[in-house]
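To start, the structure under review is shown below, and the notes come after it.
Just so you know, all these numbers are worked out from the coordinates, no wet-lab data involved. Values in this document were obtained by computation on a predicted structure and should not be read as measured data. For neighbour counting, all protein chains shown are included, and Cβ atoms are generated from backbone atoms with ideal geometry for every residue, glycine included.
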Amino acid sequence: MKRKTWETDEILEIYHQPLMELLYRAATVHRENHDPNKVQVSSLISIKTGGCAEDCGYCPQAARYHTKVEGNDLLTVDQVKAQALRAKSNGSSRVCLGAAWRNVKDGKEFDNVLCMVRELTKLDMEVCCTLGMLTENQAKRLEEAGLYAYNHNIDSSEDYYKEVISTRAFEDRLETIGNVRKTSITLCSGGIIGMGETVEDRAGMLKVLANMYPQPESVPINALVAVEGTPLENQQPVSIFEMVRMVATTRIVLPQTQVRLSAGRTQMSEEGQAMCFFAGANSIFAGDKLLTTPNPDINKDMELFQELNIKTQAPFEKHAKREPKEELTPALGENPRWTRPGHKIERNELARQRRN
Ligand code: SF4
């Protein structure tokens, strides 16, 4: 069967349908491809927090902004394992290890991350990493360690991306995604709404994701959490109906993907979250913190699941587990020249100056 190529206009048409039509269509696609009463629970562990050299305008971990985030060095394998076990006992089937790095660098720290992946895979959990830009060689080494998924968000449309980040380009993101796709690691890639982008930008972002072949196995849809001290601190939260429209549209254009409610869930009522599940969201991030921003308490999530008769998804239900292999690929010690686009974003500059 010929594969469909999505155009922005078509996606916009879906997004702007009368809400009840949109919900009905999205829920139908959802049922055709997933169990509508199952949601995956994933936990995010910040293995290295803060002090990042990048200028992502939404991120409190960027060293150049004046936020209250306290940084820490890379956690030890034992610390990460303890957190993963806690997440598992709270119902998570997946764990995502996040490091505030521009890109992965070969050496002791990356070797420790590989060790974390090997250890956590033994816990029978899906292990995901989000470590920044990645070379093909590094992706191969993560694959050998048994990594299940790699997260690298495209954040927004290609046009609006330039309004939010100036220290690396949209193409760098696509290159890392391409490197992940050269392995059997599944791909997690999504974005953020509420950063001041237009609805066309949202559709543009979905167009990029929907036209990937294969489509990402997992797409997180984040609602911006405006953190004091970041350039986007004054952004107003997105309304629940915008979020529902975004989730429903994502479900329609990415039918088989796990659509994840990520940052911004604390701003949503339980009814709003239930509407998102009806519209096709079938994954959440659990735990009281998402890297550095607040998230609903896991007990609250489980109460809501009980209320809605939602079951949690077991690990490896969608894609088979991959056992760690012998380490065959040597580190190349590369020093790749990732892009530094060099354009300035005025509000990012102002936020940086306020700090200095
Ligand atoms: S989003 Fe990631 S790369 Fe960007 S500033 Fe935050 S930690 Fe650094």
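Relative contact order for the chain using alpha-carbon pairs under 8 Å, separation at least 6, rounded to a whole percent?
Over the chain, the number comes to 26 percent.
Cross-link partners among lysines for LYS300, C-alpha distance below 30 Å, same-chain residues fewer than 8 apart left out?
Excluding near neighbours in sequence, the set is LYS38, LYS48, LYS68, LYS81, LYS88, LYS122, LYS289, LYS311, LYS318, LYS321.
By a straight-distance test (C-alpha under 12 Å), which aspartates and glutamates pair with LYS162 as possible cross-link partners, with residues fewer than eight away in the same chain excluded?
ASP55, GLU171, GLU197, ASP201, GLU346
Could you size up the charge dipole of segment 16-122 around its Cα centre, putting +1 on the beta carbon of Lys and Arg and -1 on that of Asp and Glu, and report it in debye to the nearest 20?
240
Can you give the helix-only mean residue ellipticity at 222 nm for the chain, where every DSSP H stretch with n ≥ 4 adds -39500 (n - 2.57) and the sum goes over all residues, rounded to the nearest 500 deg cm²/dmol?
So the helix-based figure for the chain works out to -11500 deg cm²/dmol.
Please work out whether segment 160-252 counts as rounded, prolate or oblate from its C-alpha gyration tensor, where a ≥ b ≥ c are the square roots of the eigenvalues and a/c under 1.5 means rounded, while otherwise a/b larger than b/c means prolate and anything else oblate?
oblate
Run through the DSSP bridge list for the chain and note the antiparallel percent, rounded to the nearest 5.
The antiparallel proportion sits near 10 percent.
For segment 82-157, just list the percent of Cα-Cα distances falling in each 5 Å bin from zero outward, please.
The distribution over segment 82-157 is 3, 16, 28, 24, 16, 10, 4, 0, given as percents.
Calculate, for CYS115 and LYS68, the FRET efficiency according to 1/(1 + (r/R0)^6) with r their C-beta to C-beta distance and R0 35 Å; round to the nearest 0.05.
0.65
For the chain, what does the convex hull of the Cα positions come to per residue, in cubic angstrom?
Normalising the Cα hull of the chain by residue number yields 132 Å³.
Take ARG251, ARG168, ARG347, ARG354 and order them by how many other Cβ atoms sit within 10 Å, fewest up front.
The order, fewest Cβ neighbours first, is ARG354, ARG347, ARG168, ARG251.
MET212 to HIS319: extension gain in nm, 0.36 nm per residue of separation minus the Cα-Cα distance?
36.7 nm
Going by Cβ distance under 4.7 Å, what cysteines of the chain have no possible disulfide partner?
Those would be CYS52, CYS115, CYS129, CYS188, CYS276, since no other cysteine Cβ in the chain comes under 4.7 Å of theirs.
Using r as the Cβ-Cβ distance of LEU19 and ARG340, and R0 as 41 Å, what FRET efficiency do you calculate, to the nearest 0.05?
It comes to 0.45.
Can you tell me the relative contact order of segment 220-268? Whole percent, Cα pairs under 8 Å, sequence separation 6 or more.
Once normalised by length, the contact order is 54 percent.
Taking the number of other C-beta atoms within 10 Å as the exposure measure, put ARG265, ARG202 in order starting with the fewest.
Taking fewest neighbouring Cβ atoms as first place, the list is ARG265, ARG202.
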